[in-house]
Amino acid sequence: MMKTICLYFQVHQPFRLRRYRFFDIGTSEYYYDDYANESVMKKMALRCYLPANQLMLELIEKFGDRFKIAFSISGIALDQFELYTPEVLESFRKLAATGNVEFLAETHSHSLVSLADEEEFRAQATRHSHRIESLFGLKPKVFRNTELVYSDDIGATIGSLGFEGMLSEGARHILGWKSPNYLYQNALNPELRVLLRNTSLSDDIAFRFSRRSWDQWPLTAEKYVKWLKKTDNRDEIINLFVEYETFGDHHPADSGIFEFFRALPGEILKGKNFRFAVPSGIISDFKPAASIHVPYPASWADEEKDLSAWLGNDMQNEAFKKLYALRELVRKTSDVRILTDWHYLQVSDHFYYMSTKVFTEHEVHKHYNPYESPYDAFINYMNVLSDFTRRLKKLVGSTETKVLRLERIIKEKEEMILNLQRMVNQLQEAAPVIAGPVGVAEEEAAHAPAPVVQATGAAHSKTAASMGVSREAQPAVEKDSKKKAASGKQQEERKKPGKTAEDPGNSTGKASGSSGSKNQPA
Amino acid sequence: MRVLMFGWEFPPHISGGLGTACYGLTKGMSHIPEMEVIFVVPKAWGDEDQSTLRLLSAENFPVRKKYVEMQGFLKEMTFLEIHSRIMPYMSPEEFAKIDKKTKSGTNIYFNTENIASFKFSGTYGPDLFQEIANYSLIARVIAEDESFDIIHAHDWLAYPAGIAAREASGKPLVIHVHATDFDRSGGSVNPGVYEIEKRGMELADKIIAVSNLTRRTIIEKYGIDPSKVVTVYNAVEPAAIKDDMVFRKQDYGKIVTFLGRITLQKGPEYFIEAANKVLKKSNDVHFVMAGSGDMFPRMIRHAASLGIADRFHFTGFLKSRDVTQMFLMSDVYVMPSVSEPFGISPLEAMQSSVPVIISHQSGVSEILRHAIKIDFWDIDAMADAIYGILHYDGLSEMFRKHGKTEVDSLKWEDSALHVKEVYEEVLSRL
């Protein structure tokens, strides 16, 4: 029987924090190491992304529809392509245009939010999906969670978002006796298909390829295809999921990785043993063999295939907990800079750098780690998080007090209106009864509405002015005003100044990501 | 295997790292079968039990031989106590100063009551070098008297004694470098001391360095053949925390501690500068500088001039019990040494589950994982690390869990076994 090979590549580059000391807290609001981020990204573009994309393009041209691959590009990597190496993004677009490449959705922030907050997780998955659709023209049908983190619950959430499938690690403690080489379905939502990574065959390429101490070194396409053929006869699918940085970075070009991969598709397509398919193709072609039960989250990391690389020690847990404790506050703001920082502070790499596994699993964990020790990484992150928390609280706090004050003013004015209205009514009712000369009361009644209008007008202009002062105040006021649902006219008036105040915020757009960075000495 | 060891200080009189290391190593060696140590030590104290005293030499040398059962030692120790005014950590200049004092006033180094007979060829030397020469004279006599297989001398003051014993007996000499004058002097090396050190290293059959840092100094600054120098790391004795020591914190806030001699080598001024940075941001913190040394007055003035004296405290010299108590009170321990061949005190702090910040310029940083390492001059990094430990709970929790486990795995028995391998290698060449 013909087996299906699914090649999927993960593209991600961390967004590194600068050295941020505690005495920067409250004085500096810029957290990123622009130099490192830009230079690493440019280096990676040259040694990995551009040549690898070129290779993929040539292979697609050569084999046409017989060669298919899938990518997922983290939102953090997309940001940095846009900032530093737009030519890489362009080369991915070219690949997308061939029609032989599928792009999967991820979390927008390459975050572990699936373990912390379902609502935020949904929002990030949706946001990334939209972004991929607008960049590459196709709405992603399959989801790939950060670090291949998967559990029954996470899968069910993804299913409810309308995705057809999700990738996961074929970890032994997940599989038990099962083989990763079939299509599975989520245990809670049978509509969601699960593709499992073939750990051993993937790692042969991802980790072992250039290791000279490996008894199979050097690995050739012929040898590798022999191993593919050795899989069980009844196996249907072989999922090879590797980091895209495998090409040219994890294994440098002189290791022969490009030559290996250039030869591989031809070797695989020789004879009638194999064909290539993308994840969504597999989902439509195959029926799930069984449900897969993963009550506790698993990942693709290290030997344990669990979360211990990110959430394995007290420092990681504290940082993670403190970060996501802020989500309620973050929801109350739409400040662009706050939201950008919130996005970048969630990147899973920050927690990876705090792993004490660096002491035991040196090789993998040292890779591109900008910190000398996990302690160093933790202190730096917490300093940044402290400043972020301070800013967030100040912003939301000031917004809230402002809203409270405005609410009080509105209430007072409303009461005034009511009272005066009542007076007017009383006077109007009384007017026909009281005979005699036109009294003071009547005159008052006649003039009463005028000062009322003035009073509310003053209240509105005051509201507008105070909102104009700070654009941070705008969103909560807007939300609140809707809730309050005062008169339509009032709402109109209140919205306007808010809108204008928002504009400068939008125009700076990625302020903290790009232009802002240049203003801030690192 | 019998070892003639020229060492320093034994409990209850331990004033610093060298004495602690000698004691720990000897104790570790007592756990190795077939290993016997004759421990020669210069002494100037007078308050010990004199019942075990025995005059050894016929030449009027004041040597006391004792057989002592030490707690935690698996066998009886042979002690040879030589009456001498040599003390560890002393520079020739300091010695001259103290020497003057002792002649004029109360003699704290010399107590004739305990000495049955005392007569050198000359009178007491006017300087440290004379004292060292006298010590080596006695060493020669001892070497002729005792039977042993190998000689082991700790630090420069004992090298001449080791050499003398080697000449008298023809047995091989291993010297143990706990520090060099480059560490002690901060660069302005005393030529006399350097000479003694270099001669000791050249004549030794093997050199043990307490860290790779020290090993490099020996090779690069003294021009010694690298193959002759091996690193054997120190370890730490299990902490002696007594029940009554459990310190109840008052409303002190957090305490950050520096503990060591207040000398150039230990980098006290960097600690003060870092403290100043932290105090600008945090109110509820106190800094303590425990110890004494030649930079003591200057450091007090320094703290005062920064206006932080209300939250920066000096304790003066602390005895070992007070040291343990100081650790129990501390939330962070900082060792900003400019040049520290090893540095046992952070290990002692870790035994009390205190997070430690140590300089890269220390030997101990080569073996510790669960410590924050900084450059001694990088006061920003030092201040940042202090602030981090004080404010982010995850850190102190990590140190409580992992620091203690790590330090408990550093055992003197392992160091002693390593030293034994060095002996065997030397003896096999004979």
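The values are calculated or read from the model by the stated rules, or taken from the named source; none is laboratory data. Small disclaimer: the values here were computed from a predicted structure and weren't measured. Cβ placement follows ideal geometry from the backbone for every residue including glycine, while neighbour counts extend to all protein chains displayed. For accessibility, only protein heavy atoms count, side chains too; no ligands or nucleic acids. Shrake-Rupley method; radii C 1.70, N 1.55, O 1.52, S 1.80 Å.
Put simply, of A:TYR49, A:TYR35 the only residue that is assigned by TED's automatic domain parsing to the domain that holds A:PHE103, under 25 Å from the mean Cα position of the chain (by Cα), in a helix (DSSP H, G or I) and farther than 23 Å from A:GLN10 by Cα is A:TYR35. For B:THR315, the criteria (1) part of a strand (DSSP E or B); (2) more than 30 Å from B:PRO238 (Cβ to Cβ) hold in every case but one, which is (2). Residues of region A:341-357 that are among the charged types (D, E, K, R), in contact with a helix residue (DSSP H, G or I) (Cβ under 6 Å, 6 or more places away or on another chain) and over 22 Å from A:LEU329 (Cβ atoms): A:LYS357 alone. Within region B:278-287, the set of residues being of a type outside the set (Ser, Thr, Tyr), surrounded by fewer than 18 Cβ atoms within 10 Å (Cβ to Cβ) and either under 28 Å from the mean Cα position of the chain (by Cα) or assigned to a loop (DSSP other than H, G, I, E, B) (or both) comprises B:ASN283, B:ASP284. Of A:PHE22, A:PHE63, which residue is at pLDDT below 95 and farther than 17 Å from A:ARG144 by Cα? Exactly one of A:PHE22, A:PHE63 is at pLDDT below 95 and farther than 17 Å from A:ARG144 by Cα, namely A:PHE22. Among the residues of region B:381-430, those identified as closer than 25 Å to A:ASP24 by Cβ and aliphatic (A, V, I, L, M) are B:ALA381, B:MET382, B:ALA383, B:ALA385, B:ILE386, B:ILE389, B:LEU390, B:LEU395, B:MET398. When you scan region A:39-76, how many residues do you find that are of a type in the set (A, V, I, L, M), over 26 Å from A:PHE276 (Cα atoms) and crowded, with 17+ Cβ neighbours inside 10 Å? Counting residues in region A:39-76 that are of a type in the set (A, V, I, L, M), over 26 Å from A:PHE276 (Cα atoms) and crowded, with 17+ Cβ neighbours inside 10 Å gives 5.
Selection of region B:284-315 for residues being over 29 Å from B:ARG184 (Cα atoms) and either away from chain A (no Cβ under 14 Å) or of a type in the set (Phe, Trp, Tyr) (or both) yields B:ASP284, B:GLY307, B:ASP310, B:ARG311. The residues of region A:398-414 that are free of Cβ contacts under 8 Å to residues at least 40 places away in the same chain and closer than 15 Å to A:LYS332 by Cβ, listed by number, are A:THR401, A:LEU404.
What helices (runs of 4 or more DSSP H) lie completely within region A:75-180 and have 3 or more residues being under 22 Å from A:GLN346 (Cβ atoms)?
Numbers: elements: A:75-84, A:86-97, A:118-136, A:152-160, A:172-175.
The helices (runs of 4 or more DSSP H) meeting that bar are A:75-84, A:118-136, A:152-160.
Of the candidates B:SER428, B:SER396, B:SER362, the single residue that is away from chain A (no Cβ under 11 Å), within 23 Å of B:PHE287 (Cα to Cα) and not aromatic (Phe, Trp, Tyr) is B:SER362. Of all residues in region A:301-323, those satisfying the criterion of being open to solvent by 10 Å² or more (accessible area, probe 1.4 Å), in a helix (DSSP H, G or I) and either touching a Phe, Trp or Tyr at 6+ places or on another chain (Cβ under 8 Å) or within 19 Å of A:VAL149 (Cβ to Cβ) (or both) are A:SER308, A:LEU311, A:ASN317, A:GLU318, A:PHE320, A:LYS321.
Pick from region B:365-392 the residues that are charged (D, E, K, R) and within 13 Å of chain A (Cβ to nearest Cβ): which of them is surrounded by the fewest Cβ atoms within 10 Å (Cβ to Cβ)?
Within region B:365-392, the subset charged (D, E, K, R) is B:366, B:369, B:373, B:375, B:378, B:380, B:384.
Keeping just the survivors that are within 13 Å of chain A (Cβ to nearest Cβ) gives B:369, B:373, B:375, B:378, B:380, B:384.
Values: B:ARG369: 16, B:LYS373: 22, B:ASP375: 14, B:ASP378: 16, B:ASP380: 17, B:ASP384: 27.
The residue in question is B:ASP375.
Only residues that are open to solvent by 30 Å² or more (accessible area, probe 1.4 Å) and either under 17 Å from A:ILE237 (Cβ atoms) or touching a strand residue (DSSP E or B) at 6+ places or on another chain (Cβ under 9 Å) (or both) were counted in region A:166-178, giving 2. Within region B:399-413, residues that are within 12 Å of chain A (Cβ to nearest Cβ) sit with their Cβ atoms under 6 Å from residues that are hydrophobic (A, V, I, L, M, F, W, C), at 6+ positions apart or across chains, in these pairs: B:GLY403/B:MET350.
Only residues that are under 12 Å from A:VAL330 (Cα atoms) and open to solvent by less than 10 Å² (accessible area, probe 1.4 Å): list them for region A:368-396, please. Correct list: A:PHE388, A:LEU392, A:VAL396.
Which one is nearest to the other protein chains (Cβ to nearest Cβ), of the residues in region A:12-37 that are hydrophobic (A, V, I, L, M, F, W, C) and surrounded by fewer than 23 Cβ atoms within 10 Å (Cβ to Cβ)? Before you say what the answer is, go through the steps one by one.
Step one: of region A:12-37, the residues hydrophobic (A, V, I, L, M, F, W, C) are A:15, A:17, A:22-23, A:25, A:36.
Narrowing the set further to residues that are surrounded by fewer than 23 Cβ atoms within 10 Å (Cβ to Cβ) leaves A:23, A:25, A:36.
On the way: A:PHE23: 6, A:ILE25: 8, A:ALA36: 18 Å.
Restricting to residues being hydrophobic (A, V, I, L, M, F, W, C) and surrounded by fewer than 23 Cβ atoms within 10 Å (Cβ to Cβ), the top hit is A:PHE23.
Within region B:313-344, restricting attention to residues that are buried (at least 17 other Cβ atoms within 10 Å of the Cβ) and polar (S, T, N, Q), the residue that is farthest from B:GLY17 (Cα to Cα) is B:SER330.
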